[in-house]
Amino acid sequence: VEAHTTGREASLDDSLRYVIHDYAKKLSENLTEDIEVDSLALSRNYKTAEIIADELRDNGVKVNGPTIDDRLGAFVGKDGETNLLSPDLPRIWGDAEKNYQHVEGVAKEDRGMYAWAEYGLDRAEGGISLRELACRMGQYVLETIEKDLDTVVAISNSGFIEPFMYVTLDMIEQLDKTAVEYFFETDGAVRPLEGITITSYDGETVEMTLPN
């Protein structure tokens, strides 16, 4: 819980590095072309990106990076020392985990993301909103597609990926659903080393595959 005081404090658990190595090794089985690895500036994200890049190289994949791109989340600058989000959001996440109360259909480990969904995509005091965060990530995705690269692995954070999912789904469906509705429809928070897959066909048709 204390690791979410500002959202920056949690570090990469060294005892679980093997999980990242196994993930990258499995990923390498489907990659023969050159790939790019991008990461949020936060230390734990960048270390994850380094492990993935090194493991891919060890398995014969040509890798560019990892390269830091601040649009992959809210933590920007050297070591992700600046949080662009409204100061309310890290506090809300931390309080939700510390003062956990059972909510039907919400796993305990998802309570922080659920609290953000309840807070809403558009509220912000003294920082950017979750919708603005999603738009920054959307800009990254669009520009990455336009580069016409073969494969890009981008390391972000749970809490940052979900708003992008919600906003993208809302743009597709145009049903004015709430973030809470999308939280349940997408089975809660994204798990470690899970994420979304975005496939571009000839730079025109784009397919988004959700983790669940």
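The values are calculated or read from the model by the stated rules, or taken from the named source; none is laboratory data. Since we're looking at a predicted model, the values are computed, not measured. Please note: Cβ atoms are built from the backbone with ideal geometry, for glycine as well, and neighbour counts cover all protein chains shown. Just so you know, the surface numbers come from the protein's heavy atoms only, side chains and all, with ligands and any DNA or RNA stripped out. Shrake-Rupley method; radii C 1.70, N 1.55, O 1.52, S 1.80 Å.
Considering the alpha-carbon set of the chain alone, what are its Rg and its Dmax in angstrom?
For the chain, the Cα-based Rg and Dmax read 17.0, 48 Å.
So what's the gap between the Cα centers of region 25-76 and region 77-112, to the nearest angstrom?
Region 25-76 and region 77-112 have Cα centres spaced 25 Å from each other.
For the chain, which longest stretch is free of loop sites, where a loop site is one of the GluC sites (Glu not before Pro) that DSSP puts outside H, G, I, E and B and that has at most 13 other Cβ atoms within 10 Å?
The longest such stretch corresponds to 126-193.
For residue 36, what residues show an amide H to amide H distance below 5 Å, using hydrogens built from the backbone and excluding near sequence neighbours?
Those qualifying (amide H under 5 Å, at least 5 residues apart or on another chain) are 64, 151, 152, 153.
Hey, any idea what the orientation-averaged projected area of the convex hull of region 88-163's Cα atoms comes to, in nm²? Kindly include the intermediate steps, with their values, before the conclusion.
Numbers: hull surface 24.5 nm².
Approximately 6.1 nm², given one-decimal rounding.
Hey, what's the chain come to in accessible area per residue, 1.4 Å probe, Å²? Mind dumping the intermediate values first?
Numbers: 11600 Å² over 212 residues.
Counting only protein heavy atoms, the per-residue value for the chain is 55 Å².
Taking all protein chains in place and a 1.4 Å probe, what share, in percent, of the accessible surface of the chain do carbon and sulfur account for? Please report the intermediate quantities before stating the final value.
Working: 5400 of 11600 Å².
Roughly 47 percent of what the probe reaches on the chain is carbon or sulfur.
Can you say what percent of the DSSP beta bridges in the chain, counting only those with both residues inside, are antiparallel? Round to 5. Please list the in-between numbers first.
Values: 8 of 18 bridges.
Just about 45 percent of them are antiparallel.
On each of the three principal axes of the Cα atoms of region 59-101, give max minus min coordinate, whole Å, ordered largest first.
Extents along the principal axes, in whole Å: 48, 25, 14.
Within the set 25/62; 26/47; 47/147; 26/147; 62/147, which residue pairs have Cα atoms separated by over 22 Å?
Numbers: 25/62 13 Å; 26/47 18 Å; 47/147 25 Å; 26/147 25 Å; 62/147 17 Å.
As for pairs spanning more than 22 Å Cα to Cα, those are 47/147; 26/147.
For region 60-65, take each phi angle, set θ = phi - 60°, evaluate the Karplus expression 6.51 cos²θ - 1.76 cosθ + 1.60, and give the result in whole Hz per residue in order, putting x for glycine and proline.
Taking θ as phi minus 60°, the curve returns x, 9, 7, 10, 9, x Hz for region 60-65.
For region 91-212, just list the percent of Cα-Cα distances falling in each 10 Å bin from zero outward, please.
Per 10 Å bin, starting at zero, the Cα-Cα P(r) for region 91-212 comes out as 12, 43, 33, 11, 2 percent.
Residue 171 accessible area, nearest 10 Å², 1.4 Å probe?
130 Å²
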